[in-house]
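Data block below; observations after.
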Amino acid sequence: MQTHIHQGQPVLNFGASVQEARLVVIMLHGRGATASGMLPLVQALDTKDVSFWLPQAAMNRWYPYSAFDPIEMNEPDLSSALEMIDQLTHTVRENGFSDQQLVFGGFSQGGCLAAEYVARNARKYSGLFVFSGALIGPKGMTRNYSGAFDSMPVFIGGSDVDPWVEYDLIQDTASTFEQMGAQVDFQTYPGMAHTVNQDEIDRVRAMLSNKAD
């Protein structure tokens, strides 16, 4: 069994260079997608002095089954994906950036992965944004994350009728981050498809623009 499926995959960089960047955004694509396929979203979010790091998942997915199946069903791929993000965060720090200059985000499966990584590694990062995603694991699962976020900004946006991510799961994710001390902007878009809308883009652009060095 391959236990490190995502290690060694390419990471695409867009936006400011690390020498010029004020923030680094690690942004994760969804199931069946690619890092390069995130470019239109990066361009929509593009804010001066922000470096976007877009890792590519092996087989174009971070884990094989639904994010909300029992966690063991998605192993070892899930652990490999979380380890890959951890390696990227170390690289960001080695380039001279603090946690307060690091943002995590993603869409769909990538949004679930971003939320799960940040919850498991709670620090006061510059922010987190989750488009149509939720914390990983089955509905009703007991969550015992340690650490706190000290008013770190979190944006969570989703539909009340998303066929892939139940609304209750999105709500529970917002509540979990609030309980851990994050400043959560949770927005519901009635009837929206499994996508990203302009209001979500505007809110995340504001999050990225408001961050100081």
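The values are calculated or read from the model by the stated rules, or taken from the named source; none is laboratory data. Just so it is clear, the structure is predicted and the values come from calculations on it, not from any experiment. Cβ atoms come from the backbone with ideal geometry, glycine included; neighbour counts cover every protein chain shown. Heavy atoms of the whole protein, side chains included, go into the accessibility calculation; ligands, DNA and RNA do not. Shrake-Rupley method; radii C 1.70, N 1.55, O 1.52, S 1.80 Å.
Of note:
- Surface calculation, 1.4 Å probe, protein heavy atoms: residue 4 sits at approximately 100 Å² accessible.
- Signed unit charges on C-beta, dipole axis of region 80-213, positive-most listed residue 190, 144, 98: 98
- Calculated accessible area for the chain comes out at 43 Å² per residue, all protein chains present (probe 1.4 Å; ligands, DNA, RNA ignored).
- For residue 129, the amide hydrogen comes within under 5 Å of the amide hydrogens of 104, 105, 106, 155, counting only partners 5 or more places away or on other chains and with H modelled in the peptide plane.
- For the chain, calculated [θ]222 nm from helices alone, where every DSSP H run of n ≥ 4 adds -39500 (n - 2.57): -9000 deg cm²/dmol
- Inter-part distance, region 84-158 to region 27-83, computed on C-alpha centroids, equals 12 Å.
- DSSP loop GluC sites (Glu not before Pro) with at most 16 other Cβ within 10 Å excluded, longest remaining stretch of the chain: 21-165
- Residues with amide H under 5 Å from that of residue 159, placed H, sequence gap 5 or more: 189
- DSSP assigns beta bridges within the chain; of those with both partners inside it, close to 15 percent run antiparallel.
- Average projection area in nm² (convex hull over Cα atoms of the chain, one quarter of hull surface): 10.5 nm²
- Net length available on complete extension from residue 87 to residue 72 is 3.2 nm, with 0.36 nm assigned per residue and the Cα-Cα distance removed.
- With every protein chain in place, the chain: carbon and sulfur % of accessible area (1.4 Å): 48 percent
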